[in-house]
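The next block holds one structure in the form of structure tokens; read it before the comments.
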């Protein structure tokens, strides 16, 4: 699945996010959310650009409420950056690709 975002769920969250050897960018989204759909292509580009250097995943908040609650997701899109299993940054809203790259580069 090189260069593509990974669908993150309760089933694969611990292994894919918390135990990742590289930083993880998680996009919390929903199909009915306009700004989420707008940032989606940017997240896909980041997945391509950072293939091998970071894991990029998407969490559908409607299907994975427990994860959203655990990380206090109150607005979507929310993007969390994990390193070593811990949240190291949080971006809310339709942020620019440049902002995402800057934040991700600081933890790589």
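Each value in this text was obtained by applying a stated rule to the coordinates, not by laboratory testing. None of the values given here were measured: they were computed from a predicted structure. Ideal geometry is used to build each Cβ from the backbone, glycine not excepted, and the neighbour counts take in all protein chains shown.
Points worth noting:
- Averaged over residues, the count of other Cβ atoms within 10 Å places the peptides 12-20, 43-51 in the sequence 43-51, 12-20, highest first.
- Each residue in 89, 99 was given a count of other beta-carbon atoms within 10 angstrom of its own, and listing them fewest first yields 99, 89.
- Sorted by Cβ density within 10 Å, fewest first, the residues 82, 28: 82, 28
- Overall, the ratio between the Cα radius of gyration of region 6-105 and 2.2 N^0.38 Å, rounded to two decimals, is 0.95.
- Candidates 77, 35, 23, ranked by Gaussian network fluctuation over the chain, Cα under 10 Å, top entry: 35
- Only Cα pairs under 8 Å and 6+ residues apart enter the sum, and on that basis the relative contact order of the chain stands at 37 percent.
- Which of 100, 91, 69 has the fewest Cβ neighbours within 10 Å, and the rest in rising order: 69, 91, 100
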